[in-house]
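K.L.:
One structure coming up, written as structure tokens, with questions to follow.
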Amino acid sequence: NRRLDVAIVGAPNAGKSQLLNALTNSQVAAVSRKRHTTRNDILGTRTVDDTQLVFVDTPGYLRSKSARKERLVRDLTAAAGAEIDTADYTLLVIDSAKRIDEALKEAFVLLMLRAVNSKGT
């Protein structure tokens, strides 16, 4: 038997929780149009043959400046980053219907660089 940890990261309201629910074929994560519905990591699992996939739905990734601007109690950047560092794989979820401004592009690049430098891929 084998276990693979998969971090699901991305901007707020990108569909990370909905993806987790679809991947696990269950309703483990709340889905809402409201931003920052996910405040803590949510785990979901799926077993395929002899491999257990452990998905971690992280809060929407925000740069520190954005987190302060939105008055979030904790820095969501740290939450996503910590999961990226320990995951075997990282899924970056991008909402194709939303405009990607320069700040969001920068955040995506930082996420990808962190994933490349993590233990996983």
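The values are calculated or read from the model by the stated rules, or taken from the named source; none is laboratory data. Since we're looking at a predicted model, the values are computed, not measured. Glycine gets a Cβ as well: all are built from the backbone with ideal geometry, and neighbour counts include every protein chain shown. All accessible areas refer to the heavy atoms of the entire protein, side chains included, with ligands and DNA or RNA removed. Shrake-Rupley method; radii C 1.70, N 1.55, O 1.52, S 1.80 Å.
K.L.:
Read through the list (1) at pLDDT 90 or above; (2) over 25 Å from Val109 (Cα atoms), then give the number of the only condition that Gln27 fails.
P.N.:
Only one criterion in (1) at pLDDT 90 or above; (2) over 25 Å from Val109 (Cα atoms) is unmet by Gln27, namely (1).
K.L.:
While we're here: Pairs under 7 Å by beta carbon, first residue within 24 Å of Val54 (Cα to Cα) and open to solvent by 60 Å² or more (accessible area, probe 1.4 Å) in segment 83-111, partner modelled with pLDDT under 80 and β-branched (Val, Ile, Thr), six or more apart or different chains?
P.N.:
Tyr89/Thr121
K.L.:
Kindly check whether there is at least one residue in segment 59-80 that is at pLDDT 80 or above and touching a Ser or Thr at 6+ places or on another chain (Cβ under 8 Å).
P.N.:
Our first condition is that a residue be at pLDDT 80 or above; within segment 59-80, this holds for none.
No, segment 59-80 has no match at all.
K.L.:
Taking the condition of being out of contact with any strand residue (DSSP E or B) (no Cβ under 8 Å at 6 or more places or on another chain) and in a loop (DSSP other than H, G, I, E, B), how many residues in segment 96-121 meet it?
P.N.:
Count: 8.
K.L.:
Separate question: Looking at Asp85, Asp41, Asp49, which is the one that is closer than 21 Å to Asn117 by Cβ, among the charged types (D, E, K, R) and modelled with pLDDT of 85 or more? Working first, answer last.
P.N.:
Working: Asp41 fails: modelled with pLDDT of 85 or more; Asp49 fails: closer than 21 Å to Asn117 by Cβ.
It is Asp85.
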